[in-house]
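Quick notes on the structure that follows.
What follows is calculated from the coordinates using simple rules that are stated; it is not laboratory data. Predicted model only: the values in this text are computed from it and were never measured. Heads up, the Cβs are rebuilt from the backbone with ideal geometry, glycines too, and the neighbour counts pull from every protein chain shown.
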Amino acid sequence: MEEIHRRIPHRKPFLFIDEIVEITETSAVARLKVSPDLPFFEGHYPGNPIMPGVLLCESVFQTGAIYLAEKLGSDALNVDKVTPVLSRIRDARFKRMVLPGDTIEVTVKEKDQIGKFHNLTGEIRKDGKTAVTVSFALAMVPKEEG
């Protein structure tokens, strides 16, 4: 968990990555074990809990922020100085439900960079099958600009 906390400012209860599996020059892979104890399961949906799609996307965005922190280096790795900011979401598709107790693998790949904006694609896999795909853009914004 320390490796995650070193790269992004997110903390429980709004942290949706448990483990960094791999970071390369162009991608990152992370995992999340979806705990049945997460509080949103009480209301989404009672008697038939399903992880909300927006929170699945958030796990992709957090993995993207981890990737960018590593790629951009020293200042971007300082969570006191830089905040990852989501600037665009495109083409989110939900193909499989994620349920309490599932383990998901999140992969993010960088497509290109325009100025300070990084265009990325993300995929969540559950049991080896695609559950979510999404394209998005992130920027690492110095706190004084925020």
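Across the stretch 103-118, the number of residues qualifying as over 15 Å from VAL29 (Cα atoms) and buried (at least 18 other Cβ atoms within 10 Å of the Cβ) comes to 1. For the stretch 12-26, the set of residues classified as surrounded by fewer than 16 Cβ atoms within 10 Å (Cβ to Cβ) and over 15 Å from PHE61 (Cβ atoms) consists of LYS12, PRO13, GLU19, VAL21, GLU22, THR24, GLU25, THR26, listed by residue number.
A count restricted to the stretch 53-82 and to residues that are in contact with a Phe, Trp or Tyr (Cβ under 8 Å, 6 or more places away or on another chain) and either of a type in the set (Gly, Ala, Ser) or surrounded by fewer than 16 Cβ atoms within 10 Å (Cβ to Cβ) (or both) stands at 3. Of the set (1) under 24 Å from HIS44 (Cα atoms); (2) surrounded by fewer than 14 Cβ atoms within 10 Å (Cβ to Cβ); (3) free of Cβ contacts under 8 Å to residues at least 40 places away in the same chain, all apply to ASP91 but (3).
Scanning the stretch 112-146 for residues that are of a type outside the set (Val, Ile, Thr), over 16 Å from the mean Cα position of the chain (by Cα) and closer than 22 Å to ILE8 by Cα gives ASP112, GLN113, GLY115, LYS116, PHE117, PRO142, LYS143, GLU144, GLU145, GLY146. The single condition from (1) without any contact (Cβ under 8 Å) to a residue 24 or more places away in the chain; (2) of a type in the set (D, E, K, R); (3) in contact with a Ser or Thr (Cβ under 8 Å, 6 or more places away or on another chain) that LYS33 fails is (1). Residue count for the stretch 10-43 satisfying the condition of being assigned to a loop (DSSP other than H, G, I, E, B) and either touching a Gly at 6+ places or on another chain (Cβ under 9 Å) or within 13 Å of LEU68 (Cα to Cα) (or both): 6.
Scanning the stretch 95-137 for residues that are among the aliphatic types (A, V, I, L, M) and not in a strand (DSSP E or B) returns MET97, VAL98, LEU99.
Total residues in the stretch 44-69 satisfying the condition of being in a helix (DSSP H, G or I) and over 19 Å from GLU123 (Cβ atoms): the figure is 1. The numbered conditions (1) assigned to a strand (DSSP E or B); (2) touching a residue at least 40 places away in the same chain (Cβ under 8 Å) are all true for ASP80 except (1).
Check GLU70, GLU25, GLU58 and return the single one that is among the charged types (D, E, K, R), more than 16 Å from LEU138 (Cα to Cα) and in contact (Cβ under 8 Å) with a residue 12 or more places away in the chain. The conditions single out GLU25.
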